[in-house]
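S.K.: Have a look at the structure that comes next, please.
The values are calculated or read from the model by the stated rules, or taken from the named source; none is laboratory data. Note that the structure is a prediction, hence the values are computed from the model and not measured. Cβ coordinates were reconstructed from backbone atoms using ideal geometry, including for glycine residues, and neighbour counts include every protein chain displayed.
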Amino acid sequence: MHNTDSAPLTARRAGPLTGMAQVPGDKSISQRALILGALAEGETRITGLLESGDVHSTAGALRGFGAVLTQEGPGSWRVQGTGVGKWKSPETELDFGNSGTGSRLVMGAMATTAITAIFTGDASLRSRPMTRVVAPLTAFGVTYEAQGEKALMPLTLHGAKDAKAVTTHVATASAQVKSALLLAALNAQGVSRISQDALTRDHSEKMLAAFGAKITVSSREQVGEVITVEGPVRLTGCSVEVPRDPSSAAFAIVAALIVPGSQIELPAILLNPRRIGLIETLLEMGAKIEVVNRRTSGGEEIGDLVVRHSELKGVEVPPARAPSMIDEYPILAVAAAFARGKTAMRGLEELRVKESDRLDAVARGLKVNGVPYTIEGDDLIVDGHGPDGVMGGGTVATHMDHRIAMSFLTMGMASQNPVTVDDVTMIATSFPEYQDLMRRLGAEFMERL
């Protein structure tokens, strides 16, 4: 997949990175705050919202359903919701750009309201399977028309009338699928029970409770948990403060770890236990990451990070950790390239259905930069040869995937030779400030060598 208006960028070996990295608001929480605000009665005020392409795409779609969303300043938004079950059919198709999270969650949010909407997006989003979301939603009575067996966009979704509660199990380790079902349950009659084996991101559960949903979470006997939602429910608008995104912070963290002499600070990072798998893994690898000023904001734990250059060693990353760091494997692979010894990342099947086949894209990026690796099924094993063992010098195909682009630019900051990525335009979907922020810390980017 190639963007005809691509903008290549090259990163070369940097001096010590220093300063404060104020990364943007968390994308997952930003998306959910807008969606729940649009479903709630009354006004929701949001501060710290991520101003990215993905979030703006979701905001545009929510306006199509009848919610009123007003941007009052940088990161400051006011949402006037319609109430659960009171969305209207949009007059035009909904273009979600690159936002898999926004599109899949909105499918769930409208699933139990008797309306029809057409979902589409950019070339990347149109290539990503929607069956994993719409097939479970059929339990509520949803019907749909889409492209092929994978239910690719453009996709027309018909919400169910007089939906009844369901009992269902989420087989995939996907917070998006789980959240879509939770949102659908809000307007279904009775108590829905949604179980999962993997403990995926729980931002939806926390935020639903804050908006007034009747929701409980309990452990299952063997593994996982079950979430119950009683519907129909009335949600009430509230204030949401969005903490800073640990997935965006990951690139600055790893850059500071691998560039000699570096020390940076990252304030107010979200430390939800289900989002810090990368930090846990890096600490096991020997990373010098200090958490100071731990505190709670809006039901979520946050803290300030101090990160120093570190000598890393290879580790075994168990598959059970995948849900807490699913977006961070590309940048972990880069950290592993600079570590001594093998880092084995197990159970990465979810990477194959992201913005690109991330497992394949990471492998190809490692190969063109001289980093030895093996793939065994859904496992990636990177054979690190220490801080001076990454030759670099390659051009990485990003496949319109923002995390691939930022990960391999990070590699170029510490490799022997510069690393080029073929396109950076899509970085704006999640992290518009990326280049400016990294340059302020000391990164050296060149549009042409």
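S.K.: Would you please name the residue that is surrounded by the fewest Cβ atoms within 10 Å (Cβ to Cβ), looking only at residues in segment 399-425 that are at pLDDT 95 or above and assigned to a loop (DSSP other than H, G, I, E, B)?
M.R.: Gln416
S.K.: Would a scan of segment 68-79 turn up a residue that is closer than 28 Å to Ala268 by Cα and outside any strand (DSSP E or B)?
M.R.: yes
S.K.: Moving on to the next point. Run Ile46 past the list (1) under 29 Å from Thr156 (Cβ atoms); (2) out of contact with any Pro (no Cβ under 8 Å at 6 or more places or on another chain); (3) buried (at least 19 other Cβ atoms within 10 Å of the Cβ) and report the number of the one that doesn't hold.
M.R.: (1)
S.K.: Could I ask something else about it? Is it true that some residue in segment 113-121 is more than 25 Å from Ala165 (Cβ to Cβ), of a type outside the set (S, T, N, Q), at pLDDT 95 or above and assigned to a loop (DSSP other than H, G, I, E, B)?
M.R.: Within segment 113-121, one or more residues are more than 25 Å from Ala165 (Cβ to Cβ), of a type outside the set (S, T, N, Q), at pLDDT 95 or above and assigned to a loop (DSSP other than H, G, I, E, B).
S.K.: Where residues in segment 360-390 are surrounded by fewer than 16 Cβ atoms within 10 Å (Cβ to Cβ) and not basic (Lys, Arg), which of them is farthest from Gly15 (Cα to Cα)?
M.R.: Among those that are surrounded by fewer than 16 Cβ atoms within 10 Å (Cβ to Cβ) and not basic (Lys, Arg), it is Gly377.
S.K.: Looking at (1) touching a residue at least 60 places away in the same chain (Cβ under 8 Å); (2) in a helix (DSSP H, G or I); (3) among the basic types (Lys, Arg), which is the one condition that is false for Arg63?
M.R.: Result: Arg63 fails condition (1) only.
S.K.: Just wondering, is there one or more residues in segment 143-150 that are in a loop (DSSP other than H, G, I, E, B), in contact with a Leu (Cβ under 8 Å, 6 or more places away or on another chain), among the aromatic types (Phe, Trp, Tyr) and surrounded by 17 or more Cβ atoms within 10 Å (Cβ to Cβ)?
M.R.: no
S.K.: Continuing with the same structure: If we scan segment 97-109, do we find a residue that is touching a strand residue (DSSP E or B) at 6+ places or on another chain (Cβ under 6 Å), surrounded by fewer than 24 Cβ atoms within 10 Å (Cβ to Cβ) and not assigned by TED's automatic domain parsing to the domain that holds Glu265?
M.R.: No, the conditions are met nowhere in segment 97-109.
S.K.: Please verify whether Val84 is among the β-branched types (Val, Ile, Thr), buried (at least 16 other Cβ atoms within 10 Å of the Cβ) and more than 23 Å from the chain's Cα centre (by Cα), treating the condition exactly as stated.
M.R.: It is true that Val84 is among the β-branched types (Val, Ile, Thr), buried (at least 16 other Cβ atoms within 10 Å of the Cβ) and more than 23 Å from the chain's Cα centre (by Cα).
S.K.: Here is a follow-up. Considering only segment 331-362, state which residues are modelled with pLDDT of 95 or more and polar (S, T, N, Q).
M.R.: Thr343
S.K.: Check Ala249, Ala256 and return the single one that is buried (at least 20 other Cβ atoms within 10 Å of the Cβ), touching a residue at least 60 places away in the same chain (Cβ under 8 Å), within 21 Å of Lys27 (Cβ to Cβ) and outside the structural domain of Thr172 (by TED's automatic domain parsing).
M.R.: Ala249
S.K.: Something else now. Could you figure out which of (1) within 21 Å of Leu181 (Cα to Cα); (2) without any contact (Cβ under 8 Å) to a residue 60 or more places away in the chain isn't true of Glu72?
M.R.: Unmet for Glu72, out of (1) within 21 Å of Leu181 (Cα to Cα); (2) without any contact (Cβ under 8 Å) to a residue 60 or more places away in the chain: (1).
S.K.: State yes or no: is Arg352 without any contact (Cβ under 8 Å) to a residue 60 or more places away in the chain, of a type in the set (Lys, Arg), out of contact with any Ser or Thr (no Cβ under 9 Å at 6 or more places or on another chain) and part of a helix (DSSP H, G or I)?
M.R.: For Arg352, the condition - without any contact (Cβ under 8 Å) to a residue 60 or more places away in the chain, of a type in the set (Lys, Arg), out of contact with any Ser or Thr (no Cβ under 9 Å at 6 or more places or on another chain) and part of a helix (DSSP H, G or I) - is met.
S.K.: Only one of (1) buried (at least 20 other Cβ atoms within 10 Å of the Cβ); (2) in a helix (DSSP H, G or I); (3) among the hydrophobic types (A, V, I, L, M, F, W, C); (4) in contact (Cβ under 8 Å) with a residue 60 or more places away in the chain fails for Ala428. Which number is that?
M.R.: (1)
S.K.: Also, I was wondering about something else. Looking at (1) in the same structural domain as Phe431 (by TED's automatic domain parsing); (2) on the phi > 0 side of the Ramachandran plot, which is the one condition that is false for Arg13?
M.R.: So the condition that Arg13 fails would be (2).
S.K.: Of all residues in segment 215-237, count the ones that are over 12 Å from Ile194 (Cβ atoms) and in a loop (DSSP other than H, G, I, E, B).
M.R.: Counting residues in segment 215-237 that are over 12 Å from Ile194 (Cβ atoms) and in a loop (DSSP other than H, G, I, E, B) gives 8.
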